[in-house]
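Structure record follows, encoded as structure tokens.
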Amino acid sequence: NAGVTQTPKFQVLKTGQSMTLQCAQDMNHEYMSWYRQDPGMGLRLIHYSVGAGITDQGEVPNGYNVSRSTTEDFPLRLLSAAPSQTSVYFCASSYSFDGTDTQYFGPGTRLTVL
Amino acid sequence: AQSVAQPEDQVNVAEGNPLTVKCTYSVSGNPYLFWYVQYPNRGLQFLLKYITGDNLVKGSYGFEAEFNKSQTSFHLKKPSALVSDSALYFCAVRDKRGATNKLIFGTGTLLAVQP
């Protein structure tokens with residue numbers, strides 16, 4: 001198993017540009033989520049999904065959209081990038097969402113918005 | 001409010017000595033607790049978790065953690081540190097509010113093991 005994969009690893013955007021961060025998992029996990037990591041703030045939940053076709057907002061959803069058309073993929077879209085979205089983004093997945101299953105994280109995407 | 005605290009930004013230890021990385025939590029009900037490690041420019045790797053049962057949990061790479069309900073702590077320990085253990089360590093607790101399955105992370109503790 002490849003586990004959780006993310007592309008790209010690095011990205012530089014200009015303010016106002018859009019892009020999609022890709023996330024895929026091959027473990028048949030129902031639950032997937034996106035976090036952003038900022039210095040001194042730990043990780044914060046952006047959006048999550050409990051299965052194909054079902055998504056919902058986390059604690060910092062503004063400026064981001066998600067969709068989940070398949071079990072495997074959970075892309076994160078930035079519609080109009082802003083410097084405040086400069087961060088490291090992690091995708092995570094787990095078999096269930098009752099809290100007892102381990103959440104596995106991808107390697108991250110380091111995004112810089114100029 | 002539900003939260004996780006890692007009181008030390010950095011822990012320094014000599015190779016071969018025991019190490020402890022501290023974590024305290026605040027959550028309603030019985031907590032689900034996790035430790036992750038992050039190596040430079042890498043993602044978070046799962047080390048261990050406490051869901052229920054034995055208070056001493058053993059995990060990957062020789063790490064273990066002890067759940068202490070009365071002190072609301074979940075400290076990470078290893079009997080003998082290696083230079084390769086140098087990394088950023090995160091404690092997390094599952095947020096029991098709502099259905100997000102969100103993990104609430106501490107701000108991380110940088111472990112530096114000197115040879």
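Surface composition of chain A: carbon plus sulfur atoms hold 51% of the accessible area, using a 1.4 angstrom probe and ignoring ligands, DNA and RNA. Buried accessible surface for the A/B chain pair comes to about 1800 Å², total over both chains, computed with a 1.4 Å probe. Relative contact order of chain B: 37 percent, from C-alpha pairs under 8 Å at least 6 residues apart in sequence. Could you check how much of the accessible area of chain B is carbon and sulfur, as a whole percent, using a 1.4 Å probe? Answer for chain B is 50 percent, counting heavy atoms of protein chains only. The residues of segment A:1-62 expose, per residue, 49 Å² of accessible area to a 1.4 Å probe. If a/c stays under 1.5 just call it rounded; otherwise compare a/b with b/c (prolate if a/b is bigger, oblate if not). Do that for chain B, with a ≥ b ≥ c from the square roots of the Cα gyration tensor eigenvalues. Here chain B falls in the prolate category. Distance distribution P(r), segment A:26-114, all Cα-Cα pairs, bin width 10 angstrom from 0: 18, 52, 27, 4 percent. Burial here means at least 20 square angstrom less accessible surface with every protein chain in place than with the chain by itself, probed at 1.4 Å; in segment A:90-114 the buried residues are A:Phe90, A:Phe97, A:Asp98, A:Gly99, A:Thr100, A:Thr102, A:Gln103, A:Phe105, A:Pro107, A:Arg110. Taking a straight line from the alpha carbon of B:Lys77, these lysines sit under 30 Å away, with near neighbours fewer than eight places off in the same chain left out: B:Lys22, B:Lys49, B:Lys58, B:Lys69, B:Lys96, B:Lys102. The slack in the chain from B:Asn68 to B:Glu8, taken as 0.36 nm per residue of separation less the alpha-carbon distance, amounts to 19.7 nm.
Centre-to-centre, using Cα atoms only, segment B:1-71 and segment B:93-115 are separated by 8 Å. Mean projected area of the convex hull spanned by the Cα atoms of the protein assembly as shown, taken over all viewing directions: 12.4 nm².
The values are calculated or read from the model by the stated rules, or taken from the named source; none is laboratory data. Just so you know, these numbers come straight off a predicted model, no measurement behind them. Heavy atoms of the whole protein, side chains included, go into the accessibility calculation; ligands, DNA and RNA do not. Shrake-Rupley method; radii C 1.70, N 1.55, O 1.52, S 1.80 Å.
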